[in-house]
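Student: Dropping the structure in here first, questions after.
The values are calculated or read from the model by the stated rules, or taken from the named source; none is laboratory data. Everything quoted here is computed from the prediction, not taken from an experiment. All Cβ positions, even for glycine, are placed from backbone atoms using ideal geometry, and neighbour counts span all protein chains on display.
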Amino acid sequence: MSAKERNVTCDIFDAGKADPACPALIVGNREVGFSDLDSAVWGAARHLHRQGARAGMVVALVFRDQVLLACALLGAMRMGATPIVLSPNLAAREREDLIAAADAGFLFTDDRRFVSATVPSFGFDAASTQNGTPADELFCEYPDGFGQIIAGSGSTGKPHLMPLTHRMLRARNQTLASLFPVGPGRRFMLVSPLYFATPIDRMLGSLSAGATCVAWDQKTDIAEAIEGARPDFLHLSVLHAELILRSAARRPGFDLSAIEMVSIGASTVTEDLRRRLRDDLKANLHINYGTNETGTVTFAFPDDLRAARGVVGRPAPGNRVEIVVDDDAPVAPGQIGQVRVQSPGQIEAYVGNASPDRFRDGWFYPRDLATWSEDGQVIHCGRSDHMMILDGLNIYPVEIEGALEEHPAVREAAAFSLPHRVRQDIPVCAVVLADGHTATEQELRDFARERLGVRYPRHVLILDALPRNPQGKVIRGELDRLLRDKLAIGTAPAQPTADDFVSILARVTDNKRRGVAALKFKPPASPRLERLTQWRPHLESRAFPCPPRADLLTFPPDIADKAAWIQHVLDIARDILLLAAFPCFDHFHLIACSPNPDDEGIMKTLVLLPGLENLFPGTIDQALREATSCAGAMAARPPTEENREWLLDRIRRQSLPRLSRGNRTNTSSVAVLHAARQKGIPFRHLGMDVHQLGWGAQAKIINRSSTASDPALAVRLTTNKRVTTALLRQAGLPAPVHHVVADTAGARAAAEQLGWPVVVKPADLERGEGVEVDVTPDRIDAAVSAALELSPGKQVLVERQVSGVCHRLFVAFGQLLYAVKRLPIGVYGDGTSTVAQLVAAAVRADRQLLPWERSKIRPIDDLARRALAANGLTEESVPEAGRFVPLRRIESTRWGGVDEDVTDCVHPENLRVALQAARLCQLEVAGIDIITDDISASWTETGAVINEVNFSPLLGGGDISRSRLGEYVSRLMEGTGRIPVEVFVGDERAMEAARTWVATLKAGGTAAFLTGDTVTLGPDGEDIPVAVDGLPGRAAALILRRDVEALALVVQSDSLLNAPLPLEGVDAVHHVGDPATTLAGAMPAQRIAQLQNLLSIWTWPD
């Protein structure tokens, strides 16, 4: 490794040697000199090393204390480990996902609430920085690994992980020093916490120059903190700039004039904000534009800012910035284009090579739009993924925002779009009014129209403040939600909004994954029940219909309509959860409802939420909020086809993303679970899409279509096509002939050897992703480039093309379950209609289904016309009845396909090799793809090959597959998978009755267990220690045990009303005595009545 790769922490402590007592880090009242920081960093490195961290390992850091975070970060870097700093404000699931994506081996934290569930976690406090003596084993001068991994904010999609070498970090430090005259005795203040990327970047840069880094402690008033710190340089985000302005309004005489340089970045800085910082706070303002991937890109000094609106400066020293159009040609003067950057501190790729299209030929493409000012500065015009297209016209958010910000009443604006089926994007805008000003939406819309013409925003939403993330970036998804709710509710003001729904748990707890929940609703004064009833069929799933609801409880006439409205909301919530791939096959039952005497209009309820174990916290609450909002929208409009598409699009764009963090299930798992439920088989979600079907001794474990008998090594054998093919060939099975290549030259040579045409596909993807057939010399380069871009391992297979089409043989438990011929997406002729008419009818029929049940058929396009021409057809042709008309060359994941049932046609020899291939790969369940012209003829005659062996193949995705689900489940397990469970309700007499039942079963050879709230007994009456209290938790624990063959539940309290129901149903409920008497000492009469209502619908139907 070159000298430039020297550990960047060496720069920091070499710089500190000039004045060891000089403050290096100040946070609030805590001041740490360079010498003390050096010692603390040695101590931190020793603590990390003692717990097992080593050079080259990735270490996750989650801290609230900024001094401890700095010590842990520098300690990890000093020892050659790679730290990734995660915000303590992340949800647990987000944090775990990032830890897994970064392949972190350890987590260190100063708060035990952040302990990871997946990697070893260790505490880190002030004592962890003691014993800070240098040691060789704690120092890696020339690290092999990365210096740091940055976790992106995810504000434009899924967060990316960005690995920086020590060279890149050093280059960024040098950029900072070239823009700010940092050095010993100078103070650089940061107001964003150090767990964000930009503050870490500024801290490392200032410390490397021997300057003092001052971090706001987030506790004192921000203006007071700035006055006390007396910084020479101050870096802000938009969010903190607004905080300072508000604080300054309460502190007469406060301004920023004493600060040499005030810089602001991290998001778009409006002209209004620039003006207020300059005029109101006398800030010597500088604008920074940069990205986490590159560091600082451009920098604008005060004189630069006067040149034009929206300028963000000139390229920082060492940077190259170009603004280009799609073919990377430079834009014409005044034209808006895509920004691309080359920076010495730029990363080379994301972890896992995510989004490889953003790194090309040494350039990084941040997906930002910009143009050049007349004096050569970059004018930032927003993000390319925020650009709108209205009737073919490109509209940039900055155009709308700039026009509205010219209005004297507007402080800031954020433009976005609403999708339209015909016009594509409808421009809209949210604004915040300046203090002391008023304006109507119509006035602002007219103002914009005068300046923008057709580009004007069709709706203007006036807000008190724009929603922003911690980095100050506008959360456009939240703006979308706010406007959609406003538009939907505005047409029917009597209907409830999402804000009217308030969820309160039966007891204070952070666990909201409940079987029974106490909820409060605010129904409208006059619920439009008829309209909601009309809408119901339009949200129900054709693939997974809900069973008939049990008779609802009767409510008093004065609240009957409100109770019915609440039940509608519960039904809608169930539909939305199922759309989001949660296995919600049962109704949500309203089991108690009464007015709240303390809050007029509020109804208190108890709701049974079955089958929702192990959901991510908040999922049920969010689903009910979305359902409440949808109920208002549904009541406001009739269920026409257009309104149905509007509502489904609203659910897809708003509701489903908000539920995406829940513990969702794969669609194959949903299909299997639904088939199991149809057979009366209970299931339990264990997490990570793993499910237990049945209880106790009868249980089976599944994940999608795979079972616990399918080993993990089978995944390794089947996910790489090259490995699978080699294994098939070694076993004497018919397999493709191919070559593995990594570039177009190798592909061309392989194709010449194999013979044209060939098949090109990624070596390590499944399910037809990236496959291109009929590849000829003129198409080989493009096909290989496309496959390389998709391939995680950057390897491509060039394969000898075999005549025929793909046939999927789904084998399960040593037998063929079904077989389909996988045709391209297409239609069947009827002898009277043209192809165009057939396709239009198919598209219309497809739209009647829920989005996830639809095929991928679409109106005729150029690819369809090519496929038609290849079959001697045009759009106006009238194919004979029964003739299949393909609209694509092949079936693929991208374009979809049509399955033709050939189960009864499979030649025995083809079935034999399919079953042998599954056994060879150690799979109990497998999808075997055979390429052949005729599946009814032996592969020995046709030259057919086994194209793929798929682990956990898709099940239930189409009508043919769904029709075999019941058979699949029957092969998986016998009967219902249930064990006998009976409930005994009452005092000690109920306990004795349960003991007698257990003893009777034992005498017959059945191992029955018994549990109540505080005691659990085995078949011989022995005490079974269980590490949970309460009947629900103990029962749930017992059904996970394989030695439990029957179960008695003893109910002597109201614990079933306070926790998730442990079972989907029970065989019988025995009331030993009158509950009003036997349970009178355990709970109030109202709770007894609620418990009886619950138990009345818990038994299995006859």
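Student: Return the residues of the stretch 408-450 that are out of contact with any strand residue (DSSP E or B) (no Cβ under 8 Å at 6 or more places or on another chain) and buried (at least 19 other Cβ atoms within 10 Å of the Cβ); say none if nothing qualifies.
Tutor: Scanning the stretch 408-450 gives a single hit, 447.
Student: Only strands (runs of 3 or more DSSP E) wholly contained in the stretch 17-130 count here; list those with 2 or more residues that are within 27 Å of residue 212 (Cβ to Cβ) and not charged (D, E, K, R).
Tutor: Output list reads 23-27, 30-33, 58-62, 82-85, 106-109.
Student: Look through the stretch 1013-1045, keep the residues that are in contact (Cβ under 8 Å) with a residue 60 or more places away in the chain, over 13 Å from residue 1061 (Cα atoms) and hydrophobic (A, V, I, L, M, F, W, C), and return whichever of them is surrounded by the fewest Cβ atoms within 10 Å (Cβ to Cβ).
Tutor: 1040
Student: Could you tell me which numbered condition residue 935 fails, if it satisfies all but one of (1) under 27 Å from residue 704 (Cβ atoms); (2) touching a strand residue (DSSP E or B) at 6+ places or on another chain (Cβ under 9 Å); (3) free of Cβ contacts under 8 Å to residues at least 40 places away in the same chain; (4) not polar (S, T, N, Q)?
Tutor: With (1) under 27 Å from residue 704 (Cβ atoms); (2) touching a strand residue (DSSP E or B) at 6+ places or on another chain (Cβ under 9 Å); (3) free of Cβ contacts under 8 Å to residues at least 40 places away in the same chain; (4) not polar (S, T, N, Q) applied to residue 935, the lone miss is (3).
Student: Could you please find all residues in the stretch 328-343 being over 29 Å from the mean Cα position of the chain (by Cα), within 25 Å of residue 175 (Cβ to Cβ), buried (at least 18 other Cβ atoms within 10 Å of the Cβ) and not polar (S, T, N, Q)?
Tutor: 337, the sole residue that qualifies.
Student: Which numbered condition trips up residue 782, out of (1) surrounded by fewer than 17 Cβ atoms within 10 Å (Cβ to Cβ); (2) at positive phi; (3) not aromatic (Phe, Trp, Tyr)?
Tutor: (2)
Student: Still on this structure, I have one more. What's the number of the only condition in (1) of a type in the set (Asp, Glu); (2) in contact with a Lys or Arg (Cβ under 6 Å, 6 or more places away or on another chain); (3) under 23 Å from residue 1063 (Cα atoms) that residue 992 fails to meet?
Tutor: The number of the failed condition is (2).
Student: Starting from residues that are more than 21 Å from residue 147 (Cα to Cα) and touching a strand residue (DSSP E or B) at 6+ places or on another chain (Cβ under 9 Å), keep the ones in the stretch 89-112 and report whichever is surrounded by the most Cβ atoms within 10 Å (Cβ to Cβ).
Tutor: My answer is 110.
Student: Looking only at residues that are in contact (Cβ under 8 Å) with a residue 24 or more places away in the chain and under 37 Å from the mean Cα position of the chain (by Cα) in the stretch 726-735, which one is nearest to residue 911 (Cα to Cα)?
Tutor: Result: 728.
Student: Another question about this same structure. For a quick check of your reading: which helices (runs of 4 or more DSSP H) sit entirely within the stretch 1001-1100 and have at least 3 residues that are among the aliphatic types (A, V, I, L, M)?
Tutor: 1031-1038, 1085-1096
Student: Could you say which residue among 982, 948 is acidic (Asp, Glu) and either in a loop (DSSP other than H, G, I, E, B) or modelled with pLDDT of 95 or more (or both)?
Tutor: Values: 948 fails: either in a loop (DSSP other than H, G, I, E, B) or modelled with pLDDT of 95 or more (or both).
Answer to the check: 982.
Student: Right, here's the next one. Here's a check for you: in the stretch 1-12, which residue that is at pLDDT 90 or above and part of a helix (DSSP H, G or I) is nearest to residue 45 (Cα to Cα)?
Tutor: Among those that are at pLDDT 90 or above and part of a helix (DSSP H, G or I), it is 9.
Student: Counting only residues that are of a type in the set (Gly, Ala, Ser) and surrounded by fewer than 14 Cβ atoms within 10 Å (Cβ to Cβ), which one in the stretch 859-878 is farthest from the chain's Cα centre (by Cα)?
Tutor: 872
Rundown of residues vs (1) in contact with a helix residue (DSSP H, G or I) (Cβ under 9 Å, 6 or more places away or on another chain); (2) in contact (Cβ under 8 Å) with a residue 24 or more places away in the chain, yes/no style:
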{"position": "324", "(1), (2)": "no, no"}
{"position": "340", "(1), (2)": "no, yes"}
{"position": "344", "(1), (2)": "yes, yes"}
{"position": "361", "(1), (2)": "no, no"}
{"position": "374", "(1), (2)": "no, yes"}
{"position": "379", "(1), (2)": "yes, yes"}
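Student: Sticking with this structure for a sec: Which residues, taken from the stretch 832-858, are at pLDDT 90 or above, in a loop (DSSP other than H, G, I, E, B) and surrounded by fewer than 15 Cβ atoms within 10 Å (Cβ to Cβ)?
Tutor: Scanning the stretch 832-858 gives a single hit, 832.
Student: Name the one entry in 717, 713 that is assigned to a helix (DSSP H, G or I) and either among the aromatic types (Phe, Trp, Tyr) or over 30 Å from residue 803 (Cβ atoms) (or both).
Tutor: Exactly one residue qualifies, and that residue is 713.
Student: Taking the criterion of being at pLDDT 75 or above, part of a loop (DSSP other than H, G, I, E, B) and crowded, with 21+ Cβ neighbours inside 10 Å, would at least one residue in the stretch 608-617 satisfy it?
Tutor: No.
Student: Checking residue 680 against (1) at negative phi; (2) assigned to a loop (DSSP other than H, G, I, E, B), which single condition isn't satisfied?
Tutor: So the condition that residue 680 fails would be (1).
Student: Within the stretch 191-210, take every residue that is in a loop (DSSP other than H, G, I, E, B) and within 20 Å of residue 283 (Cβ to Cβ) and give me the one that is farthest from the chain's Cα centre (by Cα).
Tutor: Of everything passing the filter in the stretch 191-210, 191 is farthest from the chain's Cα centre (by Cα).
Student: Kindly provide the set of residues from the stretch 355-394 that are of a type in the set (A, V, I, L, M) and either buried (at least 22 other Cβ atoms within 10 Å of the Cβ) or in a helix (DSSP H, G or I) (or both), ordered by number.
Tutor: Selection gives 369, 370, 378, 388.
Student: Identify all residues within the stretch 618-640 that are at pLDDT below 80 and either surrounded by fewer than 18 Cβ atoms within 10 Å (Cβ to Cβ) or in contact with a strand residue (DSSP E or B) (Cβ under 8 Å, 6 or more places away or on another chain) (or both); write none if there are none. Before the answer, list the steps.
Tutor: So the first thing to find is which residues in the stretch 618-640 are at pLDDT below 80, and the list is 618-621.
If the condition is that a residue be at pLDDT below 80 and either surrounded by fewer than 18 Cβ atoms within 10 Å (Cβ to Cβ) or in contact with a strand residue (DSSP E or B) (Cβ under 8 Å, 6 or more places away or on another chain) (or both), then 620, 621 are the ones that fit.
Student: Taking the stretch 1002-1014 as the region of interest, how many residues are of a type outside the set (Gly, Ala, Ser) and more than 48 Å from the chain's Cα centre (by Cα)? Reasoning before the result, please.
Tutor: First, the residues of the stretch 1002-1014 that are of a type outside the set (Gly, Ala, Ser): 1002, 1006, 1009-1011, 1013-1014.
The next check asks that each one be more than 48 Å from the chain's Cα centre (by Cα); those that pass are 1002.
Total meeting the criteria: 1.
Student: Quick test for you: out of 993, 937, pick the one residue that is outside any helix (DSSP H, G or I) and more than 45 Å from the chain's Cα centre (by Cα).
Tutor: 937
Student: Quick test of your reading of the structure: residue 309 fulfils all but one of (1) touching a strand residue (DSSP E or B) at 6+ places or on another chain (Cβ under 9 Å); (2) more than 25 Å from residue 284 (Cβ to Cβ); (3) surrounded by fewer than 21 Cβ atoms within 10 Å (Cβ to Cβ). Name the failing condition by number.
Tutor: Every listed condition holds for residue 309 apart from (2).
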